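A.B. asks: I have a structure I would like to understand better, so I am pasting it below and will then ask my questions one at a time.
The values are calculated or read from the model by the stated rules, or taken from the named source; none is laboratory data. Please read these numbers as outputs of a predicted model, since none were measured by experiment. No Cβ is skipped: glycine too gets one built from the backbone with ideal geometry, and neighbour counts run over all protein chains shown.
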Amino acid sequence: MEALKGNCGDSVWATEAASRPWDSIKGSRWANWFFSDRSTRSLLPFHDVNPAKYLENRVDENTLTSLREALNLSPTHALASARLALKVLENGKDPRAAKEAAWLIQRAIREVKPLN
């Protein structure tokens, strides 16, 4: 590779950067991540948690915030819907809490019920 010239006449040696083994490893890992299936690849190129594991972790965390995030990631996740309904009822100081919980439970049942 040739040296790249900056605006001020400075030389930036692309060959030096490309010759470092860690740069090529990072680049190939990023490329493999970028072109892999989005449903199974990790969330970030240098991270090992895939979407299914992340979703499972958010549901297992069992907080209002984590369960809402889990449902944003997977709106048909029945367990997340049911757990969120319970959390909404536990923290239900809002008069709409009972209605939200009923809707979440119906949603969870609809997702678990086998299709005929």
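A.B. asks: So which residues in segment 84-100 are assigned to a helix (DSSP H, G or I), closer than 25 Å to Tyr54 by Cβ and touching a residue at least 12 places away in the same chain (Cβ under 8 Å), if there are any at all? Break it down into steps so the answer makes sense when it comes.
C.D. replies: We begin by selecting, within segment 84-100, every residue assigned to a helix (DSSP H, G or I); these are 84-90, 97-100.
After this cut, where a residue has to be closer than 25 Å to Tyr54 by Cβ as well, the list is 84-88, 90, 100.
Selection gives Leu84, Ala85, Leu86, Lys87, Val88, Glu100.
A.B. asks: Can I ask one more? If Tyr54 meets every condition in (1) more than 14 Å from the chain's Cα centre (by Cα); (2) in a helix (DSSP H, G or I); (3) at pLDDT below 90 apart from one, which number is that one?
C.D. replies: Failing condition for Tyr54: (1).
A.B. asks: While we're looking at this one, here's another question. Among the candidates Val88, Val59, Val49, single out the residue that is among the β-branched types (Val, Ile, Thr), under 15 Å from the mean Cα position of the chain (by Cα) and under 18 Å from Glu111 (Cβ atoms). Steps first, please.
C.D. replies: Values: Val88 fails: under 15 Å from the mean Cα position of the chain (by Cα); Val49 fails: under 18 Å from Glu111 (Cβ atoms).
One residue alone meets the criteria, Val59.
A.B. asks: I'd like to know if segment 76-83 contains one or more residues that are within 24 Å of Ser39 (Cα to Cα) and not in a helix (DSSP H, G or I).
C.D. replies: Looking for residues that are within 24 Å of Ser39 (Cα to Cα) and not in a helix (DSSP H, G or I), one finds at least one in segment 76-83, hence yes.
A.B. asks: Which residue out of Ser81, Ser42, Ser66 is in contact with an Asp or Glu (Cβ under 9 Å, 6 or more places away or on another chain) and not assigned by TED's automatic domain parsing to the domain that holds Ile105? Quick ask: steps written out before the conclusion?
C.D. replies: Working: Ser81 fails: not assigned by TED's automatic domain parsing to the domain that holds Ile105; Ser66 fails: not assigned by TED's automatic domain parsing to the domain that holds Ile105.
Every option except Ser42 fails the conditions.
A.B. asks: So which residues in segment 20-42 are of a type in the set (A, V, I, L, M) and modelled with pLDDT under 75, if there are any at all? Before the answer, list the steps.
C.D. replies: Of segment 20-42, the ones of a type in the set (A, V, I, L, M) are 25, 31.
Passing the criteria: only Ile25.
A.B. asks: When you check Pro45 against the structure, is it at pLDDT 85 or above and outside any helix (DSSP H, G or I), yes or no? It would help to see each step written out before you state the result.
C.D. replies: Working: at pLDDT 85 or above: no; outside any helix (DSSP H, G or I): yes.
Considered against the rule, which asks whether it is at pLDDT 85 or above and outside any helix (DSSP H, G or I), Pro45 comes out as no.
A.B. asks: Let me ask something else about it. Answer yes or no as to whether Ala70 is surrounded by 20 or more Cβ atoms within 10 Å (Cβ to Cβ) and within 12 Å of the chain's Cα centre (by Cα).
C.D. replies: Values: surrounded by 20 or more Cβ atoms within 10 Å (Cβ to Cβ): yes; within 12 Å of the chain's Cα centre (by Cα): yes.
Criteria met by Ala70.
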